[in-house]
Amino acid sequence: MELDTYSFEVSTDDRAELRRITDRVEGVIDESDASDGLVFVSTPHTTVALFTNEYEKRLTQDIIDFFAAYVPPEDGYLHDRHHVATETQPNAHAHIITSMVHTPVLAVLEDGTMQLGRWEDVLFFDLDGPSTRTVRVTILE
Amino acid sequence: MELDTYSFEVSTDDRAELRRITDRVEGVIDESDASDGLVFVSTPHTTVALFTNEYEKRLTQDIIDFFAAYVPPEDGYLHDRHHVATETQPNAHAHIITSMVHTPVLAVLEDGTMQLGRWEDVLFFDLDGPSTRTVRVTILE
Amino acid sequence: MELDTYSFEVSTDDRAELRRITDRVEGVIDESDASDGLVFVSTPHTTVALFTNEYEKRLTQDIIDFFAAYVPPEDGYLHDRHHVATETQPNAHAHIITSMVHTPVLAVLEDGTMQLGRWEDVLFFDLDGPSTRTVRVTILE
């Protein structure tokens, strides 16, 4: 098995932000010249989730709103006491959400193309922004 | 790395339906004659989830009921306005659920057998049926 | 592709318990002498979840508390009738939680090291303890 890892950065402006990064992953694949194998998209940040789903502007807002209601920020979490004490942004809710929303993203690569559905995109969900985040794409052949 | 992709269809009758597809995946593996590697079960549909869990009739109903209560269909989602306008079935809740319930399914293949637990099955969860859905099985060796 | 599977046991004392197992996985990798490939950490138990996240004592409690509140044990689930009848511990809630919290864990292996973030650990979440559980680590090269 051969491995090649590339990385790029994503800068976010809001506390919770959901972005499409399919193009950027495809750019990495083109650059790699890889043909057949597995594409592994990961992030070293435990308050960022990566998953595949439809990218539609209103659905994006629905997903952000759902998690904000279901796992509210600053809802008395014990972990946040550390953040309050160090004057850093409370993020316990972000860790809880990423335990549920899938990471990493895996996709089959065939003839240099990720096998995604017609309405399926690679999505990047920062739950603890704004920040500059690293995304890694490893191509396994 | 060698890749072989097979696909089959699953037809559902209800809006939310949870089925066991282990046999169908095993059928593909037998057909492939593969011995050792990785089995990757995916779907191009973003309102279908694939995951492994126990397949027990009452638990199946518990899972369907849980998600129907916590991510209710047609609960004022913005994305559904598009569906109402085009007279297609509202499915924002389905997209939210699949962001949480695992997809794809990966399993180690050893001596031609998927390494699953004794009570572990490959499950198919359509959240936006009824429909005819494609499931892809890629065997990587 | 070459596969090597190792396994170890984790014993839990509570009904819901969240442990760090990064060291144990790293121990397996060292033992294997593997260099580059994919690390696949799985469990045959469908009421145990494996995922990566920050391991911090208070966050661990927040995660346990969150799921205990949102998927409460013994909340009238149909599956639990079987457990009551056989005097075994009701665990429908455990199955529902594992359908959401990621399993298996996959990580890229480079130069014999799992590519995890600085604050990213491999976590083991038993939802139906106390028990002795098997964790499998398959290294694919």
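Data table
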{"quantity": "Residue match in segment B:45-54 (condition: at pLDDT 95 or above, over 15 Å from the mean Cα position of the chain (by Cα) and assigned to a loop (DSSP other than H, G, I, E, B))", "calculated": "no"}
{"quantity": "Search result, residues across segment B:68-82 that are surrounded by 15 or more Cβ atoms within 10 Å (Cβ to Cβ) and more than 15 Å from residue C:93 (Cβ to Cβ)", "calculated": "B:68, B:71, B:73, B:77, B:78, B:79, B:80, B:82"}
{"quantity": "Evaluation of residue B:12 against (1) buried (at least 20 other Cβ atoms within 10 Å of the Cβ); (2) of a type in the set (Ser, Thr, Tyr); (3) within 12 Å of another protein chain (Cβ to nearest Cβ) (one fails), failing number", "calculated": "(3)"}
{"quantity": "Breaking point among (1) buried (at least 17 other Cβ atoms within 10 Å of the Cβ); (2) under 11 Å from the mean Cα position of the chain (by Cα), for residue A:20", "calculated": "(1)"}
{"quantity": "Members of segment C:107-128 found to be surrounded by fewer than 21 Cβ atoms within 10 Å (Cβ to Cβ) and not acidic (Asp, Glu), listed by number", "calculated": "C:108, C:112, C:113, C:114, C:115, C:116, C:117, C:118, C:119"}
{"quantity": "Sole residue being touching a Phe, Trp or Tyr at 6+ places or on another chain (Cβ under 6 Å), more than 7 Å from every other protein chain (Cβ to nearest Cβ) and under 17 Å from residue A:134 (Cβ atoms), chosen from A:48, A:28", "calculated": "A:28"}
{"quantity": "Residue satisfying all of: in segment B:33-67; hydroxyl-bearing (Ser, Thr, Tyr) and closer than 25 Å to residue C:41 by Cβ; surrounded by the fewest Cβ atoms within 10 Å (Cβ to Cβ) among these", "calculated": "B:35"}
{"quantity": "Residue match in segment A:90-101 (condition: touching a strand residue (DSSP E or B) at 6+ places or on another chain (Cβ under 6 Å) and polar (S, T, N, Q))", "calculated": "yes"}
{"quantity": "Scope segment A:86-100; condition surrounded by fewer than 21 Cβ atoms within 10 Å (Cβ to Cβ) and under 22 Å from residue C:65 (Cα atoms); matching residues", "calculated": "A:89, A:90"}
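The values are calculated or read from the model by the stated rules, or taken from the named source; none is laboratory data. All values derive from a computational prediction rather than experimental measurement. Note that each Cβ is placed from the backbone with ideal geometry, even for glycine, and that neighbours are counted across all protein chains shown.
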